[in-house]
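Worksheet: one structure, shown below.
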Amino acid sequence: QVQLVESGGGLVQPGGSLRLSCAASGTIFSITAMGWYRQAPGKQRELVAVINEGASTNYADSVKGRFTMSTDNAKITVYLQMNSLSPEDTAVYYCRFTANRGRDYWGQGTQVTVSS
């Protein structure tokens, strides 16, 4: 059983920063991808950033230069540093791992609200 737990969301003013974390627990092996996604009200879930095994990080155009994804392989944790936040970044943010022979695991989501 694999569990992903996100944390770090909250309310922030425009121009502010937040750092999200996603910690994995349970029996997890052969991680081939780790990523962050978000879903705003009334919109489809979209990719924010993803690291594929042996490859560089890919970012959505809307967050390039503002968001940075990093990993701590020892802790099986991924982070999303979000800077220069705008109201358009308001959404529920989810992490996703692809592991254990191609299975996808999702966290429960953490709310990010950017508002003055």
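The values are calculated or read from the model by the stated rules, or taken from the named source; none is laboratory data. Owing to the predicted nature of the structure, the values given are computational and were not obtained by experimental measurement. Every residue, glycine as well, gets a Cβ built from its backbone with ideal geometry; the counts of neighbours run over all protein chains shown. These accessible areas exclude ligands, DNA and RNA; they are computed on the full protein's heavy atoms, side chains included. Shrake-Rupley method; radii C 1.70, N 1.55, O 1.52, S 1.80 Å.
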Filter pass, Thr113 being open to solvent by 50 Å² or more (accessible area, probe 1.4 Å), of a type in the set (Ser, Thr, Tyr), within 22 Å of Pro14 (Cβ to Cβ) and part of a strand (DSSP E or B):
no
Cβ-Cβ under 8 Å pairs, at least 6 apart or on other chains, the stretch 84-99 side at negative phi and among the polar types (S, T, N, Q), far side open to solvent by 10 Å² or more (accessible area, probe 1.4 Å) and assigned to a strand (DSSP E or B)
Thr90/Thr113; Thr98/Ala33; Thr98/Met34; Thr98/Asp104; Thr98/Tyr105
Before we move on, is Lys75 touching a strand residue (DSSP E or B) at 6+ places or on another chain (Cβ under 9 Å), assigned to a loop (DSSP other than H, G, I, E, B) and either open to solvent by 40 Å² or more (accessible area, probe 1.4 Å) or at pLDDT 95 or above (or both)?
yes
Name every residue in the stretch 28-54 that is open to solvent by less than 70 Å² (accessible area, probe 1.4 Å) and under 16 Å from Gln111 (Cβ atoms), in order of residue number.
Trp36, Tyr37, Arg38, Gln39, Ala40, Val48
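Just one of Ser21, Ser62, Ser25 is of a type outside the set (Asp, Glu), assigned to a loop (DSSP other than H, G, I, E, B) and open to solvent by less than 70 Å² (accessible area, probe 1.4 Å); which is it? Full working, then the answer.
Details: Ser21 fails: assigned to a loop (DSSP other than H, G, I, E, B); Ser25 fails: assigned to a loop (DSSP other than H, G, I, E, B).
After ruling out the rest, the residue left standing is Ser62.
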